[in-house]
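Just below is one structure, and these are the notes that go with it.
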Amino acid sequence: TTIEAGDRPLLFPPGFVWGAATAAYQIEGAAREDGRGPSIWDTFARRPGAVAGGDTGDVACDHYHRHRDDIALMAELGLPAYRFSVSWPRVRPDGAGPVNPRGLAFYDRLVDELLEAGITPYATLYHWDLPQALEDRGGWTERDTALRFAEYAGVVHDLLADRVATWTTVNEPWVAAFLGYGSGVHAPGRTSARDAFRAAHHLLLAHGLATGVLREGGARQISLTLNLAPVPTPGAPGDAADAAADLVDALLNRQFLDPVLRGRYPGPVLEQVDRAAGLGHIAAGDLAVISEPIDLLGINYYNPTYVAASPGAPENPAFPGSRGIAFLPAEPPLTAMGWPIDPDGLTELLVRLDRDYPGVPLIVTENGAAFDDVPGPDGRVRDPFRIGYLDGHLRAAHAALAAGVDLRGYLVWSLLDNFEWAEGYGKRFGLVYVDYVDQRRLPKDSAHWFRDVIARNGLGGNTA
Ligand code: PNW
């Protein structure tokens, strides 16, 4: 067989980090154990109609009790790195009062077991499970929440700093702010542009304050993870479509990139913030805190966002100021989420970040897809679409490396099928299938495929 262009064996740089990711509320369960306090997701999941099927994270993958087995599985799959998140309400049940030693002890054990298995831990401090007690005091719309986050970050860092080198402060502040407080599709389910912009700023401030605390504590690698997406412009420079794409890009991408990496908000974002919330919540000095240097930028990439100018289109509440902009329906091929599959978008995104924000090493902290996986009678889960998805995106990541981008690693979302937020358990992103009746784990074909990718530090091409 000849080797086709695009199916060539591709090797990644030595030291490239391979792994898989999860988040606390999506896998741990044990929602009321060992002193854990309620989070906004416990509350939100109980709101009728909020989560598909009425699913909650009460049990999830029961990882809280099965962490030993899950780590053994990671070792079998040859994963060099594992990205997990720490549950704030386990560590500090009401967000501001006493620390809960039993909650901390769980992460202490988890990290020890990972290291014993030879797996490098990547810890995320906030993956959306805000203590409900803080939400009752205004949640992310209040500045105080950012101050409390920095305290909590210090507590976790003090415990794990001797064993965890890489820290992510906040996961996807856009989703937390604009789906949580804008469209209300995520917890806490509030629907106000004012609240969403305030939440976004306070999440950025939380990141900056925590970065200061971690740096002071000697943290080696501090990062922030953003959900980023190219917003292709369908028209010519300067026309209405171009302006639509630019505003959406500003709200989704530059609203977070510019404050952290350039110390300022983009003009179009400030206009919208001023219109919806005023600027009173942005204090002098905040941007200096938010732009504390970071060592690594985490990127969660799923798909581009397609927009067009469409007079009369109503505002999309996740994008305040988007009246007159149509969010175009995705075109096949689609994942089970209805999301388009577009690996080139990842290359484009990485190249653009490298060009517009030079000097920050990048890591893909999430990339992956949900498909309707079903175990065969033999217990094997055949998921060729996921293998195709991951293969395509790894080729796209490699193309960015070849273009000179400083990309340090790639973590699959997700290790396990898990609680997919508003979609509940029906959407399966795992390399490993989870049977929620008996909690059995079945590595999918993609898990075996990924083990081989890791073992050869790249893709074999179709002659392999
Ligand atoms: C990310 N959107 O969430 C999260 O970090 C994960 O916890 C999640 O399971 C994964 O991606 C898959 O959804 C997102 O609507 C949720 O744009 C929604 C969006 C983006 C990311």
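What to note about this one:
- Within the set Gly359, Gly345, the sole residue that is within 14 Å of the ligand (Cβ to nearest atom), surrounded by fewer than 23 Cβ atoms within 10 Å (Cβ to Cβ) and of a type in the set (Gly, Ala, Ser) turns out to be Gly345.
- Pairing residues of the stretch 412-431 that are farther than 26 Å from Pro48 by Cα with residues that are within 8 Å of the ligand (Cβ to nearest atom) and among the polar types (S, T, N, Q), at Cβ distances under 9 Å and at least 6 apart in sequence or on separate chains, gives Trp413/Asn300; Ser414/Gln26; Leu416/Gln26; Gly430/Ser414; Gly430/Asn418; Leu431/Ser414.
- Tallying residues that are touching a Lys or Arg at 6+ places or on another chain (Cβ under 8 Å) and surrounded by fewer than 18 Cβ atoms within 10 Å (Cβ to Cβ) within the stretch 443-461 yields 2.
- Residue match in the stretch 79-90 (condition: surrounded by 18 or more Cβ atoms within 10 Å (Cβ to Cβ), within 18 Å of the chain's Cα centre (by Cα) and assigned to a helix (DSSP H, G or I)): yes
- In the set (1) outside any loop (DSSP other than H, G, I, E, B); (2) away from the ligand (no atom under 16 Å from the Cβ); (3) over 22 Å from Ala72 (Cβ atoms), the condition left unmet by Phe450 is number (3).
So that you can scan it fast, the table gives a plain yes or no per residue for (1) out of contact with any helix residue (DSSP H, G or I) (no Cβ under 9 Å at 6 or more places or on another chain); (2) open to solvent by less than 10 Å² (accessible area, probe 1.4 Å); (3) in a helix (DSSP H, G or I); (4) modelled with pLDDT of 95 or more:
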site	(1), (2), (3), (4)
Ala96	no, no, no, yes
Val99	no, no, no, yes
Arg102	no, no, yes, yes
Asp112	yes, no, yes, yes
Gly118	no, no, no, yes
Tyr152	no, yes, yes, yes
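- Taking each residue of the stretch 434-458 that is more than 17 Å from Arg382 (Cα to Cα) and looking for partners that are open to solvent by 40 Å² or more (accessible area, probe 1.4 Å) and among the basic types (Lys, Arg) with beta-carbon atoms closer than 9 Å, six or more apart or interchain, yields Gln439/Arg66.
- For the condition touching a strand residue (DSSP E or B) at 6+ places or on another chain (Cβ under 6 Å), within 21 Å of Phe327 (Cα to Cα) and open to solvent by 30 Å² or more (accessible area, probe 1.4 Å), Ala236 does not qualify.
The values are calculated or read from the model by the stated rules, or taken from the named source; none is laboratory data. None of the values given here were measured: they were computed from a predicted structure. For neighbour counting, all protein chains shown are included, and Cβ atoms are generated from backbone atoms with ideal geometry for every residue, glycine included. To get the accessible areas, we keep the full protein, side chains included, count just its heavy atoms, and leave off ligands, DNA and RNA. Shrake-Rupley method; radii C 1.70, N 1.55, O 1.52, S 1.80 Å.
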